[in-house]
Ligand code: AMP
Ligand code: MG
């Protein structure tokens, strides 16, 4: 296993795309940067040794002070729809792609976030604050622990450089890794440039959607067919991602098309939130006054965003009706994934006709009682055997008992052995999620140079289904004083 940065095998496939895709440039170094944390799990998953983080060159790379060996550093351009409105050109305004590390487990692009201005910074300062960097660092790993597709967070570098937001904060850099950072917005950017659009399509299909590759023969490839096949893949993955978000109570907060991955990964953690008290129309981003990205709006926003991606293929000669037909597959794909998740969360054998009502009424019960999202699901495993404990958690105990009775009848029809059902439910309903107040504690400690809270959270969130003795506090709903932490876009 590779333990030294100088031994990394680095390619630059994105930098080999035409120049219209990026600007090659250096990051802007921070003053006196320190490697606050490196994530051994991510190194291991990349097929690298956790000892790589001890190589002094690693800190230099993650601080933006040194390129990857043979890396071709760049900022990528993209466009996008923000809050439903075409925003035109955006791009990596504070991110630098360092290159692509090739290991036994695949190709992993390394990208710095918060590493200084680029031609795409617009009014921004190119920086990210410690607070939002810790939040991204923890959230990517929390999602990964839940089995939800996401970019990963490799390292966290901090400095004393001031960053001006609502108050003065300090600058930090997260090193993220992903097979690719291509977004819906990357395709939207080239929607009127067929040559570039085609190059991008070839790029993502070759690397990530080989099933859409045209057969190797001398004929002209069926470009519309390739675009439709690729779109279908993104539709399927996005539908599954939305179902996954919904069933862990995750709100992304800024589902603009520039924050949607073509691999169906969760990307660009900003004012996200894992819900505490359940509210179907919960808005985690306090800048989102209209609730466009509320929890219960996410599946339809995912579909809307896919329409924007699909529209970018018109210049490749794809028929609108054919695009629409592929887009029409979204709802069934979402429901299929949602039902599969709910079957597991409810401990059922399979989804049956009446289960939609049972699930709808479950959400209604949680909503009217503002019951804790995570605890309610977790406690459902034991509820049939100890109903009083379960019911006592709800303000409207009558409604809780009525729902539970129906659930018990449903379980009886399945006739699963109790212990088998419970073990199965406890393997999918987490004990620990990255609640805002837990992230906040870790941020405050990190601000003092203390990473013990980050370590504890990463340890718990790595296997969030396993209840560890001594960590009760991390499984609890927030105290009332911390229940309504507001998170904004200014990160
Ligand atoms: P977001 O919605 O946070 O993903 O950001 C939208 C766009 O604004 C992206 O193109 C970012 O690169 C850019 N951006 C956000 N914050 C900054 C910043 N502090 N400096 C420069 N660009 C930024
Ligand atoms: Mg973004």
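The values are calculated or read from the model by the stated rules, or taken from the named source; none is laboratory data. Computed from a prediction, not measured in an experiment: that's the story for all the values here. Every residue, glycine among them, receives a Cβ derived from its backbone with ideal geometry; neighbour counts consider all protein chains shown.
Would you say residue 109 is in contact with a strand residue (DSSP E or B) (Cβ under 8 Å, 6 or more places away or on another chain), in a strand (DSSP E or B) and within 16 Å of ligand 2 (Cβ to nearest atom)? Break it down into steps so the answer makes sense when it comes.
On the way: in contact with a strand residue (DSSP E or B) (Cβ under 8 Å, 6 or more places away or on another chain): yes; in a strand (DSSP E or B): yes; within 16 Å of ligand 2 (Cβ to nearest atom): yes.
Considered against the rule, which asks whether it is in contact with a strand residue (DSSP E or B) (Cβ under 8 Å, 6 or more places away or on another chain), in a strand (DSSP E or B) and within 16 Å of ligand 2 (Cβ to nearest atom), residue 109 comes out as yes.
Could you please let me know if residue 297 is more than 15 Å from ligand 2 (Cβ to nearest atom) and free of Cβ contacts under 8 Å to residues at least 60 places away in the same chain? Against the criterion (more than 15 Å from ligand 2 (Cβ to nearest atom) and free of Cβ contacts under 8 Å to residues at least 60 places away in the same chain), residue 297 qualifies. I need the full set of residues from segment 239-271 which are in a helix (DSSP H, G or I), in contact with a helix residue (DSSP H, G or I) (Cβ under 6 Å, 6 or more places away or on another chain) and within 16 Å of ligand 2 (Cβ to nearest atom), in order please. Across segment 239-271, the qualifying residues are 257, 258. Once segment 102-134 is narrowed to residues that are under 12 Å from residue 179 (Cα atoms) and under 21 Å from the mean Cα position of the chain (by Cα), the residue that is farthest from ligand 1 (Cβ to nearest atom) is 105. Looking only at segment 84-97, decide whether some residue is part of a loop (DSSP other than H, G, I, E, B), away from ligand 2 (no atom under 15 Å from the Cβ) and under 25 Å from residue 306 (Cα atoms). Checked against the condition, which is being part of a loop (DSSP other than H, G, I, E, B), away from ligand 2 (no atom under 15 Å from the Cβ) and under 25 Å from residue 306 (Cα atoms), segment 84-97 yields at least one hit.
Filter segment 244-259 for residues that are within 16 Å of ligand 1 (Cβ to nearest atom) and either assigned by TED's automatic domain parsing to the domain that holds residue 151 or under 9 Å from the mean Cα position of the chain (by Cα) (or both) and give the result.
Let us first name the residues in segment 244-259 that are within 16 Å of ligand 1 (Cβ to nearest atom), namely 251-259.
Passing the criteria: only 252.
Filter segment 303-317 down to residues that are crowded, with 21+ Cβ neighbours inside 10 Å and either away from ligand 2 (no atom under 16 Å from the Cβ) or assigned to a loop (DSSP other than H, G, I, E, B) (or both), then give me how many there are. Break it down into steps so the answer makes sense when it comes.
First pass over segment 303-317, keeping only residues crowded, with 21+ Cβ neighbours inside 10 Å: 305-306, 308-310, 312-313.
Add one more test, that the residue is either away from ligand 2 (no atom under 16 Å from the Cβ) or assigned to a loop (DSSP other than H, G, I, E, B) (or both), and what stays is 306, 310, 312-313.
Count: 4.
Can you say whether residue 408 is outside the structural domain of residue 38 (by TED's automatic domain parsing), more than 16 Å from ligand 2 (Cβ to nearest atom) and at pLDDT 95 or above, as far as the supplied structure shows? Yes; evaluated as a whole, the condition is true for this residue.
Scanning segment 450-491 for residues that are outside any loop (DSSP other than H, G, I, E, B) and within 16 Å of ligand 2 (Cβ to nearest atom) gives a single hit, 487. The criterion of at least 2 residues that are in contact with a strand residue (DSSP E or B) (Cβ under 6 Å, 6 or more places away or on another chain) and modelled with pLDDT of 95 or more is met by the following helices (runs of 4 or more DSSP H) wholly inside segment 122-217: 130-145, 184-189.
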